[in-house]
Amino acid sequence: MRRGYVGLSGGRFAIALGDAHVVIDPVTGQGANTASHSAWVLGEAILDGETFDESFCQRAEQQICSYALPVSAAANARLSPPQPHAVELLRAAGQRQAIANIYADGFNHPDRFWAIVSSAERTAALLREFDWQSTPAPMPQPTGALNARQDSPHPSTS
């Protein structure tokens, strides 16, 4: 994240939007969405504003960051191996459609999704809402010819 505004000559200011302010890795495709959201927030602030001084810029930056920073954190988290609670969320999503829907909705509302998945406690609370009981993941069992060779005391000669 960079500072969201800069002072110019004559008491004017420039406010940064998009990657000029908060860089979001393209892995989740949220950069353009976040830049658009930031532009909307700034537009609303301009419509509501009376003076466009440094205080205005600070307030606008805070409003923009309240959405952009969680989205950036969510995108960055997807670049690393998932935490155990995130793995559990994925396991639950694979078994329960309602949880899968919440996971998928995270791409439409990454800020809300990050509010859940950034915390093991909040993720566990969400799973409890759906009566999800964590169980150890079953170990994959060999099948077919591989299984037959493991059960045989003699290696296959074919």
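Phe13's amide H: which non-local residues (gap 5+, or another chain) put their own amide H closer than 5 Å, with H modeled 1.01 Å from N in plane and none for Pro or chain starts? Residues meeting the criterion, in which the H sits 1.01 Å from N, are Leu8. Backbone geometry of the stretch 60-66 corresponds, through the Karplus equation with coefficients 6.51, -1.76 and 1.60 at θ = phi - 60°, to 3J(HN,Hα) couplings of 4, 4, 4, 5, 5, 5, 4 Hz, x marking Gly and Pro.
The modelled label-to-label distance between Asn108 and Phe130, using points 7 Å beyond Cα along the C-beta direction, is 1.5 nm. Peptides 73-84, 57-68 ordered by packing proxy, namely the average of other Cβ atoms within 10 Å per residue, highest first: 57-68, 73-84. Counting only Cβ charges, +1 for Lys and Arg and -1 for Asp and Glu, the dipole size of the stretch 1-145 around its Cα centre is about 420 debye.
Each Lys or Arg adds one and each Asp or Glu subtracts one; over the other residues with Cβ under 14 Å from the Cβ of Ile46, this totals -3.
In this simple spin-label approximation, Ser80 and Glu44 carry label points 7 Å from Cα along the Cα→Cβ vector, and these lie 3.1 nm apart.
Couplings 3J(HN,Hα) for the stretch 98-114, derived from phi with the Karplus relation 6.51 cos²θ - 1.76 cosθ + 1.60 (θ = phi - 60°), are 4, 6, 4, 5, 5, 4, 5, 5, x, 7, 7, 9, x, 5, 5, 4, 5 Hz, where x marks Gly and Pro.
Summary of the geometry: the stretch 1-74 and the stretch 96-128, compared by the centres of their Cα atoms, lie 26 Å apart. Taking other Cβ atoms within 10 Å as a rough exposure proxy, Asp131, Asp53, Asp111 sort from fewest to most as Asp131, Asp53, Asp111.
Bear in mind these aren't lab numbers, they're just calculated from the coordinates by the rules spelled out. Because the structure is a prediction, the values reported are computed rather than measured. So basically every Cβ, Gly included, is an ideal-geometry build from the backbone, and we count neighbours across all protein chains shown.
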